[in-house]
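Read through the structure below, which is laid out as structure tokens, and then see the notes.
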Amino acid sequence: AALWVSVHAVSGLQWPYDPDHFRDIAFAQTALDGHPLADASYPGEWIWYNPLVPWMVAALSWVIHLGPTFVDVASGPYLNVLGPIAFYLVASTLVGRPAALASLAFSLFMLCREDCWACATYSPWLFASTFSQGMFYSALAMILWAARRDSDAAAAGAGVVVGLTFLAHTAPARS
């Protein structure tokens, strides 16, 4: 239900509304231009912000042959849905399905009274902070899974997801 509402919220929009999006779009265009580690704003400098979201926008833009501005707006609902799915997976593992469903409903529909980047919830807008929640919960799920497996391969897989979380946004990776 949240995905459906989010897709319709951004349907037909060509431009995002926040400067964070414009930064990510500029970094995505720089990556498309063959300079994935270059800063879009400061010539000769390295990228200074976590690059996973701009790199994903660049990759999707390249695959579907549409500009990064459109991709940033249109892909937000789909990329951000990883958050609620991974949250439910972790919560159901830890506290069971009924409590996980109640927690998910609370986080989706009652938690945030601020702008979506300011609190942990689902949003149609592709903020790095919003997308990285899904990476955080996925990393947590992988860590829980690896702990039950007790193997080097499982630990390495969890480490890869934690590393990707760091590339998405520093804050959840430090948690």
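Which whole-number percentage describes the relative contact order of the chain, with Cα contacts under 8 Å and a sequence gap of 6 or more?
22 percent.
Sort I47, I85 by heavy-atom solvent-accessible area, probe 1.4 angstrom, most to least. Mind showing how you got there, number by number?
Details: I47 35, I85 105 Å².
Heavy-atom accessible area, descending, gives I85, I47.
Taking the solvent-accessible surface of protein heavy atoms with a 1.4 Å probe, what is the per residue accessible area of the chain in Å²? The partial results should precede the final answer.
On the way: 9730 Å² over 175 residues.
With all protein chains present, the chain gives 56 Å² per residue.
Ignoring ligands, DNA and RNA, please state the percent of accessible area on the chain from carbon and sulfur, probe 1.4 Å.
That fraction is 67 percent.
How far is helix 19-32 tilted, in degrees, relative to the longest principal axis of the Cα atoms in the chain, given as a value from 0 to 90 rounded to the nearest 10?
70 degrees
So how strong a dipole does region 1-88 carry about its Cα centre when Lys and Arg Cβ are +1 and Asp and Glu Cβ are -1, to the nearest 20 debye? Write down the numbers at each step before the final one.
On the way: 1 positive and 7 negative charges, 50 e Å.
I would put it at about 240 debye.
No solvent, one uniform scatterer per C-alpha: report log10 I(q)/I(0) for region 10-51 via the Debye equation at q = 0.28 1/Å, two decimals.
For region 10-51 at q = 0.28 Å⁻¹, log10 I(q)/I(0) is -0.95.
Can you find, among M110, T121, P16, the residue sitting farthest towards the positive end of the charge dipole of the chain, where Lys and Arg contribute +1 and Asp and Glu -1 at Cβ?
Of M110, T121, P16, it is M110.
Counting only Cα, what are the radius of gyration and maximum Cα-Cα distance Dmax of the chain, in Å?
16.8, 53
May I ask for the distance between the Cα centers of region 152-170 and region 15-38, given as a whole number of Å?
Here the two parts' Cα centres lie 24 Å apart.
Dipole size in debye (nearest 20) for the chain around its Cα centre, Lys and Arg Cβ +1, Asp and Glu Cβ -1?
Using only the charged Cβ atoms, the result is roughly 620 debye.
Heads up, I need the accessible area for H65: 1.4 angstrom probe, whole protein in place, Å², nearest 10.
150 Å²
The values are calculated or read from the model by the stated rules, or taken from the named source; none is laboratory data. Since this is a predicted model, take the numbers as computed values, not measurements. So basically every Cβ, Gly included, is an ideal-geometry build from the backbone, and we count neighbours across all protein chains shown. Note: accessible area is taken over every heavy atom of the protein model, side chains too, but ligands, DNA and RNA are not part of it. Shrake-Rupley method; radii C 1.70, N 1.55, O 1.52, S 1.80 Å.
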